[in-house]
Amino acid sequence: MSAVPVPGVSVVMIVRNGAAFIGEALASIFESRLRPLEVLVIDGGSTDATAELAAGVAGVTVVEQSGHGIAAAYNQGIALARGELVAFLSHDDLWLPGKLDRQAALMLADGDLMYSVTLVEHFLQPGCPAPSGFRASLLDGPVPGFLMETLMARPAAFARIGGFDTGFGLAEDTDWFARARDAGLKMAVLPEVLLRKRVHARNASLGDPG
């Protein structure tokens, strides 16, 4: 019996001044049987201990951001990624155990699948108010997560429709998902909660997960 191939997964995390939560976020990446090929932390000029904390985790490479803005940081990470699949996590969010296992298996089972997302559960950081404009109903239960932190994609998806539009200060992921739908890229929603998204006063963005 031939062995089932195991895909290499590159994980991209972009961050600026994320020392408060980055250790917990990075630890959650390694709570799968499938080990990532690499974890690329794109640091946007942090002035706290972010870079030092990330560099101290085995398997993590810290890269200084060369451009400006969220979209540019994601594009830099994608350009550097060596994996057959690319996944993303924010410095303040948490993957659930087995996230890489389940999502990579889904992608491996269908070579035509260009990207996939999972369900997401939002939670309010204890002692922190929700950001202005946050939809409190998102705390009621899991929802499909059309978000960077649930996304796993083949590099070919970015080659086909492009990376993230640097003209967007926020909602660059919403724009990318819209272009992916318009281009007819084959995708799937894995109906499991595999991301816990932390809601706190300093969220860089809280995109609409639907």
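The values are calculated or read from the model by the stated rules, or taken from the named source; none is laboratory data. Predicted model, so just to flag it, every value in this text is computed and none were measured. Positions of Cβ are backbone-derived with ideal geometry, glycine not excepted, and every protein chain shown enters the neighbour counts. Side chains included, ligands, DNA and RNA excluded: accessible areas come from the protein's heavy atoms. Shrake-Rupley method; radii C 1.70, N 1.55, O 1.52, S 1.80 Å.
Where is the GNM fluctuation largest for the chain (alpha-carbon springs, 10 angstrom cutoff): 20, 81, 51?
Highest fluctuation among the options: 20.
If you roll a 1.4 Å probe over the heavy atoms of the protein chains, what accessible area per residue do you get for the chain, in Å²?
Accessible surface, normalised per residue, equals 45 Å².
I'd like the distance separating the alpha-carbon centroids of segment 43-120 and segment 125-157, in whole Å.
16 Å
How big is the Cα convex hull of the chain in projection, averaged over all directions, in nm²?
11.7 nm²
Based on DSSP loop calls and a cut-off of at most 15 other Cβ atoms within 10 Å, the longest stretch of the chain free of exposed trypsin sites (Lys or Arg not before Pro) is what?
83-134
Give the Rg (one decimal place) followed by the Dmax (whole number) of segment 80-185, computed from C-alpha coordinates and expressed in Å.
Values for segment 80-185 (Cα only, Rg and Dmax): 15.0, 44 Å.
Using heavy-atom solvent-accessible surface (probe 1.4 Å) with all chains present, what is the largest-first order of 112, 175, 182?
182, 112, 175
Nearest 5 is fine: what % of DSSP beta bridges in the chain come out antiparallel, could you say?
Just about 25 percent of them are antiparallel.
Leaving out ligands, DNA and RNA, what percent of the accessible area of segment 5-55 is carbon and sulfur, probe 1.4 Å?
Reported share for carbon and sulfur atoms: 56 percent.
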